[in-house]
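Below is one structure, written out as structure tokens; comments come after it.
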Amino acid sequence: MPARKKIIAANWKMNMTVADTETFLATFRRAVEGVSGVEIVIAPPFTSLPRLSELLGSSQQIRLGAQNFYHEKPGAFTGEVSALMLRELFVRYVIIGHSERRQIFGETDALINKKVLAACATELLPILCVGETLAEREAGKEKDVLRTQLEGALRSVPEEDVLDAVIAYEPVWAIGTGVNATPEQAQDAHAHVRLVLAELYTEAVAKKIRIQYGGSVKPENAASLMSQPDIDGALVGGASLEARSFAQIVRAALRP
Ligand code: 13P
């Protein structure tokens, strides 16, 4: 079976103006010149998507991602952006179920499921985030939480669509805290995610799905995290805002 291609995604969250985006891309492109064999995704705020789309053109090296969308067809949903609007800008990936959306904006597994289904129907590839809080980990419930989130988000999602999705394991306690999961903790969680995927689909399907780690990924810890057998890339917040540090993380994915 071919190896899973590593995928490194930048989640800029509510950072970066259009001008910042242009500066970033100029430096980043130089820093990853000639790098191949790893998929790079940048998910800027909505306001930077048109410009980034224009600058990336038909780049095969760097793909465009969005941080969110609303699953309904175009209509009266003030403040929201539809899947079709993202497709018009050649957005390929969309982050769904990020813990900030769950915690700050009250997104439930049921809503996340609707978004996953709508993304797949529009040929947007979901980067589905799952992860436990510190309290849940301390209570020994992290595996149950991951199972519940995966079952909820993937309800009625057919095999051919889940194969194109990416799962991001992001322990909430590691996001923006500077405290990353250790490679062993992350590997343990990723293996569990793959086990649940095998139960929901088949083992062959589970083996093909890429599972990224997210939570305080930095140039210094990226290689050791990604050297684990079930860690197929990274979803990077803070360290993706600086072109050189994000490029170093991309390069870390190339190490054996
Ligand atoms: P940090 O890399 O800033 O911890 O954020 C991780 C994250 O939430 C990516 O989606």
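The values are calculated or read from the model by the stated rules, or taken from the named source; none is laboratory data. These numbers were taken from a predicted model, which means no experiment stands behind them. Note: ideal-geometry Cβ built from the backbone for every residue, glycine included; neighbour counts use all protein chains shown. In case anyone asks, the SASA skips ligands and DNA or RNA and just uses the protein heavy atoms, side chains included. Shrake-Rupley method; radii C 1.70, N 1.55, O 1.52, S 1.80 Å.
Summary of computed values
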quantity	calculated
Partners for LYS115 among lysines (Cα-Cα distance below 16 Å; same-chain residues under 8 apart left out)	LYS73
Ranked order, GLU220, GLU159, GLU107 - accessible area, probe 1.4 Å, largest first	GLU220, GLU159, GLU107
Residues listed by number, the range 147-165, amide nitrogen under 19 Å from THR177 label point at 7 Å toward C-beta	147
Dipole of the chain, positive end: most advanced residue of PHE105, THR78, ALA43 [Cβ charges, Cα centre]	ALA43
Accessible solvent surface per residue of the range 106-256, calculated while the other protein chains remain in place, 1.4 angstrom probe, Å²	40
Of every Cα-Cα pair in the range 40-93, the percent that sits beyond 17 Å	32
Potential extension, PHE46-GLU199 segment - 0.36 nm per residue separation minus Cα distance	51.5 nm
Residue among THR17, ALA168, SER216 farthest towards the positive dipole end of the chain, charges placed on Cβ	THR17
Accessible area of THR108 in the full protein assembly, 1.4 Å probe (Å², nearest 10)	70
P(r) tail fraction, the chain - alpha-carbon pairs more than 29 Å apart, %	24
Segment LYS207-GLU160, extension gain: residue separation times 0.36 nm, minus the distance between their alpha carbons	15.6 nm
Residue order for VAL38, VAL18 - accessible surface, 1.4 angstrom probe, largest first	VAL18, VAL38
Heavy-atom SASA rank of PHE105, PHE77 (probe 1.4 Å, accessible area, largest first)	PHE105, PHE77
For the range 1-127, size of Cβ-based charge dipole, Lys and Arg +1, Asp and Glu -1, in debye	340
Quotient of Cα Rg and 2.2 N^0.38 Å for the range 109-209, N being how many residues it contains	1.07
Listed residue pairs exceeding 19 Å between alpha carbons, taken from LYS6/LYS208; LYS6/LYS143; LYS141/LYS208; LYS13/LYS218; LYS13/LYS143	LYS6/LYS143; LYS141/LYS208; LYS13/LYS143
